[in-house]
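The values are calculated or read from the model by the stated rules, or taken from the named source; none is laboratory data. All of these numbers come straight from a predicted model, not from anything done at the bench. Note that we place each Cβ from the backbone using ideal geometry, even for glycine, and neighbour counts take in every protein chain shown. Surface areas here come from the heavy atoms of the whole protein model, side chains and all, with no ligands, DNA or RNA. Shrake-Rupley method; radii C 1.70, N 1.55, O 1.52, S 1.80 Å.
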Amino acid sequence: RQFARLVKALDMTLKIRVSCLLFDSIGCGQSPPPAANGGNTISAYSNQEIRNDFRALFQRHADLSLKTVVVAHSYGPSLVLPMLQEEEQVFPYLVGVVLIGTAVKSKFLPHKDGGHPLLKLPVFILNCLQRSMTEEFLKVAIHPAHDQVKKAARVDNNANNMRVCKYYHANMVWATEEDLECCIEHLPTLIVHGADDGIIPIACAQHLHNRLPKSKLVVIETASHLVQMEQPEQVAKEVTSFLVTLL
């Protein structure tokens, strides 16, 4: 829904054709987990495997002759930023980056590589704890003003495959300041952060802004970690304004 609002905002503002290629790590969100016969293993969720999937999807479906902007949320930039440095030919017309509710390793980031300690428990225990874990996540990830977003997120989170969650988090390695090199010199960057983000503190967004001379920081009020779902119209407006500057 948030991308539908973004495309509508772009169409009304820019009067140009916009194509959104959505990528979601296999087995996460709305995509099915890998087949049980060999695919559903911890190695299937390594950062390099996920980058390979993203690279293949982009090269197959994207129009590589068009200006490209990469939009990534939460842990997503830790997957994308190193790839932007590794292979510029993957994105020959990359003109900007949008970082939403995210961070790189620093004294401001509360999370460690390898995911939350709870996710190291056996899968059958995680299945028993799933609903309680969902409620704790919702408390810090969604502003109290957005009850409908919370209801929808509760359904999605309680439907998660906990084996996938365990494997995915076990492979987490957060991007470093060195991974920002791709943005520092030539890529304009929009940083969007919920003012009340309980997952990644707003100090992380300010840290990114301080490290990226060509960045713009936008703090969205009455929003937490799922800011693009909590305030979709405002986020779409900010992204649209940012894209106008890239034309």
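For the reader, a short list of remarks on this structure follows.
- When every residue of the range 59-70 is checked against the conditions, at least one turns out to be within 16 Å of the chain's Cα centre (by Cα) and modelled with pLDDT of 90 or more.
- Within the range 53-168, helices (runs of 4 or more DSSP H) holding 3 or more residues that are open to solvent by 60 Å² or more (accessible area, probe 1.4 Å) and in contact with a helix residue (DSSP H, G or I) (Cβ under 9 Å, 6 or more places away or on another chain): 123-141
- Selected residue (criterion: nearest to residue 224 (Cα to Cα)) from residues of the range 180-196 that are touching a residue at least 60 places away in the same chain (Cβ under 8 Å) and open to solvent by 20 Å² or more (accessible area, probe 1.4 Å): 188
- Residue within the range 136-143 that is without any contact (Cβ under 8 Å) to a residue 60 or more places away in the chain and within 16 Å of residue 78 (Cα to Cα) present: no
- Positions within the range 169-179 being touching a residue at least 40 places away in the same chain (Cβ under 8 Å), open to solvent by 40 Å² or more (accessible area, probe 1.4 Å) and either in contact with a Phe, Trp or Tyr (Cβ under 6 Å, 6 or more places away or on another chain) or assigned to a helix (DSSP H, G or I) (or both), in sequence order: 169, 170, 177
- Restricting the range 212-237 to residues that are modelled with pLDDT under 95 and of a type in the set (D, E, K, R) leaves a set whose member that is nearest to residue 77 (Cα to Cα) is 214.
- The set of residues in the range 202-247 being among the polar types (S, T, N, Q) and under 15 Å from the mean Cα position of the chain (by Cα) consists of 224, 228.
- Any hit, the range 203-215, residues being polar (S, T, N, Q), open to solvent by less than 30 Å² (accessible area, probe 1.4 Å) and touching a Lys or Arg at 6+ places or on another chain (Cβ under 7 Å): no
- Residues in the range 50-68 that are under 25 Å from residue 172 (Cβ atoms) and touching a strand residue (DSSP E or B) at 6+ places or on another chain (Cβ under 9 Å): 58 only.
- Of all residues in the range 54-101, those that are of a type in the set (Lys, Arg) and without any contact (Cβ under 8 Å) to a residue 60 or more places away in the chain total 2.
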